[in-house]
Amino acid sequence: MEKNIPNENVTEKQLKKIVKKANRTEEQQEIKKFIIILAIVILIVVGVYFLTKDVVKKKEAQKEENKTEVTFDYSKIILGELLNRPYDEYYVIVYNSKDPKVNTYSNFVSTYKTKENSLKVYIADLNDSMNEKFYNKEESNPKAKSINELKLSDLTLIKVKNKQINKYIENEDNIKSELGI
């Protein structure tokens, strides 16, 4: 039984393919398999590269969406640093942020700041844990001249001049009068 004998109906092209196939060595076949496997591996690596590139871009976009701008409010101070500001003369309005009139006090400051030649105004919140030791709802000390003597009630305006407490003003109407609003 002869298998490799071409049929008379076989064209010349087909005959050349059969002869070529028969003449291939095992080395050539192994090289062909290696090249095919290499091409598949390269395609997989390129596919993984583009897939991870897209995933990283999506994660970066999410990170940018989650970023919040950090701002520092330099007008807020801790009462322990009351006399250490860089100005010769300034006001510090001290209030409790849990007070229902807190918006009114903010309006005092905003209105005063719009005035020409207004002094710098700092804000101190008695509800802040760093300021709690100065808060005394029942008794304040309007004669305080140093930080150690300071006792504040719910709303107080302190005027500092040359690193010393110059004025200590309580009561909403007196504060409005001092600020000229």
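The values are calculated or read from the model by the stated rules, or taken from the named source; none is laboratory data. From a predicted model like this one, the values you see are computed outputs, not experimental measurements. Here Cβ is always computed from backbone atoms with ideal geometry, including for glycine, and neighbour counts include all displayed protein chains. Protein only, heavy atoms only, side chains kept; ligands, DNA and RNA dropped before computing areas. Shrake-Rupley method; radii C 1.70, N 1.55, O 1.52, S 1.80 Å.
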Task: Restricting region 75-87 to residues that are touching a residue at least 24 places away in the same chain (Cβ under 8 Å) and closer than 21 Å to P142 by Cα, the residue that is most open to solvent (accessible area, probe 1.4 Å) - done: N84
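Which members of region 125-181 meet the condition of being of a type in the set (A, V, I, L, M, F, W, C), open to solvent by 60 Å² or more (accessible area, probe 1.4 Å) and modelled with pLDDT of 85 or more? Outline the logic, then answer.
Residues of region 125-181 of a type in the set (A, V, I, L, M, F, W, C): 126, 130, 134, 144, 147, 150, 152, 155, 157-158, 160, 165, 169, 175, 179, 181.
From what's left, open to solvent by 60 Å² or more (accessible area, probe 1.4 Å): 130, 181.
Result: M130, single match.
Name the single residue, out of those in region 2-45 being in a loop (DSSP other than H, G, I, E, B) and of a type in the set (A, V, I, L, M), that is modelled with the lowest pLDDT. Lay out the reasoning, then the answer.
Within region 2-45, the subset in a loop (DSSP other than H, G, I, E, B) is 2-11, 24-25.
Then drop every residue that is not of a type in the set (A, V, I, L, M), which leaves 5, 10.
Numbers: I5: 54, V10: 69.
Taking the candidates together, the pick is I5.
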Open item on the list: Just to be sure I understand, how many residues within region 139-169 are of a type in the set (A, V, I, L, M, F, W, C), more than 16 Å from D125 (Cβ to Cβ) and touching a residue at least 60 places away in the same chain (Cβ under 8 Å)?
Closed with: 3
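Please indicate, with yes or no, whether at least one residue in region 115-124 is of a type in the set (G, A, S), open to solvent by 30 Å² or more (accessible area, probe 1.4 Å), without any contact (Cβ under 8 Å) to a residue 12 or more places away in the chain and closer than 19 Å to I181 by Cβ. Let's see the steps before the verdict.
Here is the first cut: in region 115-124, the residues of a type in the set (G, A, S) are 118, 124.
Okay, now just the ones that are also open to solvent by 30 Å² or more (accessible area, probe 1.4 Å), so 118.
Imposing the further condition that a residue be without any contact (Cβ under 8 Å) to a residue 12 or more places away in the chain reduces the set to 118.
This time we only want the ones that are closer than 19 Å to I181 by Cβ, so: 118.
The answer is yes; a qualifying residue exists.
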